[in-house]
1. Got a sec? Charge dipole of region 3-76, +1 on Cβ for Lys and Arg, -1 for Asp and Glu; which of GLN26, GLN54, VAL5 is way out at the positive end?
2. Given contacts defined as C-alpha pairs under 8 Å and at least six residues apart, what's the relative contact order of region 3-76, whole-number percent?
3. Would you kindly state how much longer the chain becomes between MET82 and LYS168 on full extension, computed as 0.36 nm times their sequence separation minus their alpha carbon distance, in nm to one decimal?
4. Starting with the highest mean, order 30-38, 154-162 by the number of other Cβ atoms within 10 Å, averaged over the residues of each peptide.
5. Could you check the spin-label model distance between ARG207 and PHE287? Points 7 Å from the Cα along Cα→Cβ, value in nm.
6. Between region 1-41 and region 142-209, what is the separation of their alpha carbon centroids in Å?
7. How far is it, in nm, from the label point at LYS27 to the one at ASN59 when both lie 7 Å from their Cα along the line to the Cβ?
8. Given a Förster distance of 25 angstrom, what is the FRET efficiency for GLU243 paired with SER301, based on the Cβ-Cβ distance and rounded to 0.05?
Amino acid sequence: MDETVAEYIRRTVLKIPRDEIKMMLQKWDFLSEAQLQTVNFHQIKDNISQEVVQLCEENSADIKQAAVLDIIYNHIYQNKRMWSVYQMRRTGEEVEYFDLTDFKKKFKRRLQSALKNVTITFREYEDNAIWIRVAWGTPHRQPNQYKPSYVVYHSQTPYVFISASVLKSNLPLLCQALIVASNYHEIREMELRSHSLDSLKDIVFKRYSQNFQTYCPKPVQGRTVEPESVDLRIIHENKSETERIQRLNQEVFGTGPQPILQSAQYKLETTFKSSPEMDVLDKKEPFRCLVKFSSPHLLESLKSLAPAGMADAPLSPLLTCITQKARNYFRIRERKGLFPDSFVSP
């Protein structure tokens, strides 16, 4: 077994929590159960990794097997990566029959014809998700296995999820290989990104719905009777305002859990307008500013603002349209060129 493959397997094992190493190796299914029984999984991870590498040497592991183990790790710990959503489209309404073998063949042929030194690995999962791992090299350098790109494609859908450690020059190659292999004609980035791959799928596959029944406030348990000195009109006003906020909040966010997004970014570009005789500015350059909202769970944070009294209800559509528009990166300009789509064709 090549030394670089042995080192890569060793480092992959070291990334896995110790109590999950055996489970992940069983999913890998490269080492036999009898071989796994010889490994002491209660010792320090460095010793475990050395024993696993020794067994892999006995089985003559190559980079393809090592790449499969890496995919298994990243599938389980997919939230450690940042994912971007891409949407493909084809001209006309024709429906293509999807053939996995043909997809793999076309994808590999397209990439390998453009770049000689590249490692491509596939793994299928039960939810019709095809995981693709691409390690990139150069014409004179072997692929860097430590900075691969990961692609998740659900067959019969136009959506692709990419987590890329890739040069700008290689990203168009990856996109072109995808549209050729899946028989689409164009692809564009949707400006929708998150660490939660499942939440991105919920948004683009419309598994997240905001159509809920009318809100019915629940009585607060154990509430004491208000003193007679309190003005009942104030109580009624506060209760009505609370119910109004809850109703508006529910119309926007619904009652279910929100998809997990970590940020929303707004780039504003506008021009200063004044009468010609004032001539306030010598240069008619546009004003630009960037506003970014960040949170471990941004949509739940936005949902809590109005009930907490930190914002008026309803919130600005710029904040509440994230799930409807399926994007959390916005470019706000003058009327022309609002939210432009940029497609890449082969």
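1. Towards the positive end, the residue furthest out is GLN26.
2. With pairs under 8 Å counted, the relative contact order is 48 percent.
3. Result for the pair: 29.3 nm of gain on full extension.
4. Ranked from most to least packed, the peptides come out as 154-162, 30-38.
5. 4.3
6. First find each Cα centre; the distance between them is then 28 Å.
7. 1.5
8. Once the sixth-power term is evaluated, E becomes 0.65.
Values quoted throughout were computed directly from the atomic coordinates according to the rules given, and no laboratory measurement underlies them. This one's a predicted model, so the numbers in the text were calculated from it and none came from an experiment. Don't worry about glycine lacking a Cβ; one is built from the backbone with ideal geometry, like all the others, and counts go over all protein chains shown.
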